[in-house]
């Protein structure tokens, strides 16, 4: 997964460096010294005088760029100008390249859905589809890695079997450890949570105590108390009846407690 990221990361680093160099070069105007020879001859200046004036102008320009001096003094023969009247900060081009690199890096990490908020597409349903594709791709990749490392020693695979054979000799392949991954598999109950009311109303699913315990476990609400157990008819009652039954159970539990 990291191999295709390296080139885009290097490109992003180089574009950032070039942007900083361009910003440093063009953010502050570059002084340009111009010499008017006709004015120098009219003033009767010699070549030595003009050379001394140019040297003084160079010192002023250096002091100005280093912020040691905030003004410039020019003469009729030696004046100051700025190189490139329209400064080009050279930022938009590198920023576009950096944005493209970020997109390619996210795609290499299978997390391109995380960039949806920065694009014209920001719908939740689109993000959920991308997340599902990411999970499946990550699971396939992890399955591939686990299958290559696990198993008996073989050409192009079986790292665990090779290590075990080196340390303990030949053993039954069924006793070899296996590399597994967790945390990416989909939870069928969590995925179908939004469809539970429709499944109950259609009579496909019965809201019994086991189902409630499973849901409470996913929510971290603890085990179902004995006094809180209900029948399927109580669970499928109207909203007002369910709220009334819940309130009655709450009062009864406080009274008994």
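The values are calculated or read from the model by the stated rules, or taken from the named source; none is laboratory data. The model shown is predicted, which means the values in this text are computed figures rather than measured ones. Don't worry about glycine lacking a Cβ; one is built from the backbone with ideal geometry, like all the others, and counts go over all protein chains shown.
Determine whether segment 12-35 contains at least one residue that is closer than 30 Å to residue 139 by Cβ, assigned to a helix (DSSP H, G or I) and either in contact with a helix residue (DSSP H, G or I) (Cβ under 7 Å, 6 or more places away or on another chain) or modelled with pLDDT of 90 or more (or both).
yes
Restricting the search to segment 213-226, which residues are within 37 Å of the chain's Cα centre (by Cα), without any contact (Cβ under 8 Å) to a residue 24 or more places away in the chain and surrounded by 12 or more Cβ atoms within 10 Å (Cβ to Cβ)?
Let us first name the residues in segment 213-226 that are within 37 Å of the chain's Cα centre (by Cα), namely 213-222.
Cutting the leftovers down to without any contact (Cβ under 8 Å) to a residue 24 or more places away in the chain gives us 213, 216-217, 219-222.
Selection gives 213, 216, 217.
Working only within segment 48-88, note down all residues that are surrounded by fewer than 11 Cβ atoms within 10 Å (Cβ to Cβ), modelled with pLDDT under 85 and assigned to a helix (DSSP H, G or I).
none
Any residue in segment 108-125 that is assigned to a helix (DSSP H, G or I), loosely packed, with under 13 Cβ neighbours inside 10 Å and at pLDDT 85 or above?
Scanning segment 108-125 turns up no residue that is assigned to a helix (DSSP H, G or I), loosely packed, with under 13 Cβ neighbours inside 10 Å and at pLDDT 85 or above.
Do we find a residue being under 30 Å from residue 143 (Cβ atoms) and either part of a helix (DSSP H, G or I) or at pLDDT 75 or above (or both) anywhere in segment 219-240?
yes
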